[in-house]
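Enquirer: What follows is a structure written as structure tokens; I'll ask about it next.
No value in this document is a laboratory result; all are computed from the given coordinates. Predicted model, so just to flag it, every value in this text is computed and none were measured. Here the Cβ positions follow ideal geometry from the backbone for every residue, glycine too, while neighbour counts run over all protein chains shown.
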Amino acid sequence: MSDTRSKSSINSLVLFVALAVAATTYAANRGAELRFENHQFVPQRLTVPAGEPLILKVVNSSKETIEFESFKLNREKAVSPGETITVRLPALSPGNYDFYDDFHQDVPEGAIVAK
């Protein structure tokens, strides 16, 4: 009987680890997209789940190079016209994380809101 319990405990542990890995992989692959078009970011305010890693795609649909920059996210990347970049973010704490186009100071700031 002890041997059966040990196998059951091991099977439960293996299942738990497999589910945890699957959940982490799912969260790490969760994505969102920002587009730069008509001299602004769309959406200007992006709400994402707090506590989960995020893959952010930044698409430059304009005819000029932009720079996606955020001090709070510690990210800075030039994006050529027609280019899409991927910004991988760790699990964010609840809060607002502003971003902007550093090459064009007249572009309205945006925000990623983690809730």
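Enquirer: Only loop residues by DSSP count here, and only those with at most 16 other Cβ atoms within 10 Å; note down the GluC sites (Glu not before Pro) in segment 37-93 that meet that. Write down the numbers at each step before the final one.
Expert: Numbers: sites: E37, E64, E67, E69, E76, E83; in loops: E64, E83.
For GluC sites (Glu not before Pro) across segment 37-93 that sit outside H, G, I, E and B with at most 16 neighbouring Cβ atoms in 10 Å, the list reads E64, E83.
Enquirer: If you don't mind, another one. Go through segment 60-113 and name the chymotrypsin sites (Phe, Trp or Tyr not before Pro) that are in a DSSP coil and have 16 or fewer other Cβ atoms within 10 Å of their Cβ. Kindly include the intermediate steps, with their values, before the conclusion.
Expert: On the way: sites: F68, F71, Y97, F99, Y100, F103; in loops: F71, F103.
Answer by residue number: F71, F103.
Enquirer: Testing the spin-label approximation: label points 7 Å from Cα along Cα→Cβ at V107 and V59. State their distance in nm.
Expert: Between V107 and V59, the simple spin-label model gives 1.5 nm.
Enquirer: Let me ask something else about it. Relative to the present Cα-Cα distance, how much length would full extension add between N96 and A78 at 0.36 nm per residue of separation?
Expert: Numbers: separation 18, 0.36 × 18 = 6.48 nm, distance 2.21 nm.
Result: 4.3 nm gained on full extension.
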